[in-house]
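**Student:** Okay, handing you the structure first.
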Amino acid sequence: MGFEPNTVGGWFDLDRGVMYRKSDAERSTNKRRTPSGIPRQLAAHLRRWKAEGCAWAAEYQGARIGDIKRAFPNAVSDAGLKDITPHTLKHTAITWALQNGATIWDAAGFFATSAETIQKVYGHHSHDYQESVLRAVTETRGFALC
């Protein structure tokens, strides 16, 4: 069960729990669009939409969204929101993932962003940020400071 592979974009394999970010026909570029796992909450929505007869994970009035670059701003406007972009959502998701214990390595793979970028931009959000240093400066080694 899943949204079928296609030649126009990514797809979800609900049986295996994998999100493919690009179609097999798309060429690889410097943009990382690697497969990743589907979060449990999204998988539940995808299964429901599939059961309701949706052919695409992102539809509007029963048809596939043609241009996400136009559809996303329209959806933001329709929702009465401002200053929301896919990048701000990705930034928030990476921040929350690190705050909730994801490793930089796993976050890099899931969000298709280099580990170097995750470390440089988001590393201070990691649950263990500076943990070893804090532990080292608070431990005593059998001597007292006067």
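The values are calculated or read from the model by the stated rules, or taken from the named source; none is laboratory data. Please read these numbers as outputs of a predicted model, since none were measured by experiment. Note that we place each Cβ from the backbone using ideal geometry, even for glycine, and neighbour counts take in every protein chain shown. Just the protein is used for accessible areas: all its heavy atoms, side chains included, with ligands, DNA and RNA removed. Shrake-Rupley method; radii C 1.70, N 1.55, O 1.52, S 1.80 Å.
**Student:** Return yes or no: is Asp83 acidic (Asp, Glu), at pLDDT below 90 and not in a helix (DSSP H, G or I)?
**Tutor:** No: the conditions fail for Asp83.
**Student:** Here is a follow-up. Test Arg135 against the stated conditions and say whether it is in a helix (DSSP H, G or I) and modelled with pLDDT under 90.
**Tutor:** yes
**Student:** For region 39-60, which residues satisfy the criterion of being small (Gly, Ala, Ser) and surrounded by 12 or more Cβ atoms within 10 Å (Cβ to Cβ)?
**Tutor:** Ala43, Ala55, Ala57, Ala58
**Student:** Could you list, in sequence order, all residues of region 64-87 that are under 19 Å from Lys22 (Cα atoms) and open to solvent by less than 70 Å² (accessible area, probe 1.4 Å)?
**Tutor:** Ile65, Gly66, Asp67, Ala71, Phe72 - these are the residues of region 64-87 that are under 19 Å from Lys22 (Cα atoms) and open to solvent by less than 70 Å² (accessible area, probe 1.4 Å).
**Student:** Being in contact with a strand residue (DSSP E or B) (Cβ under 9 Å, 6 or more places away or on another chain) and open to solvent by 60 Å² or more (accessible area, probe 1.4 Å), is that true of even one residue in region 106-119? Break it down into steps so the answer makes sense when it comes.
**Tutor:** Restricting attention to region 106-119, the residues satisfying the condition of being in contact with a strand residue (DSSP E or B) (Cβ under 9 Å, 6 or more places away or on another chain) are 109-112.
If we keep only those that are open to solvent by 60 Å² or more (accessible area, probe 1.4 Å) too, we end up with 110.
Yes, region 106-119 contains at least one residue that is in contact with a strand residue (DSSP E or B) (Cβ under 9 Å, 6 or more places away or on another chain) and open to solvent by 60 Å² or more (accessible area, probe 1.4 Å).
**Student:** Also, quick follow-up: Provide a single number: the residues in region 29-52 that are modelled with pLDDT under 90 and of a type outside the set (Val, Ile, Thr).
**Tutor:** Within region 29-52, residues that are modelled with pLDDT under 90 and of a type outside the set (Val, Ile, Thr) number 5.
**Student:** Let me ask something additional. Against the conditions (1) in contact (Cβ under 8 Å) with a residue 24 or more places away in the chain; (2) of a type in the set (A, V, I, L, M, F, W, C); (3) touching a strand residue (DSSP E or B) at 6+ places or on another chain (Cβ under 8 Å), where does Leu98 fall short? Just the number, please.
**Tutor:** (3)
**Student:** Go through (1) part of a loop (DSSP other than H, G, I, E, B); (2) exposed (fewer than 15 other Cβ atoms within 10 Å of the Cβ) one by one and return the number of the condition Lys90 breaks.
**Tutor:** So Lys90 meets the others, but not (1).
**Student:** Another one. All but one of (1) assigned to a loop (DSSP other than H, G, I, E, B); (2) within 19 Å of the chain's Cα centre (by Cα); (3) at pLDDT 90 or above hold for Gly9; state the number of the condition that does not hold.
**Tutor:** The failed condition is (3).
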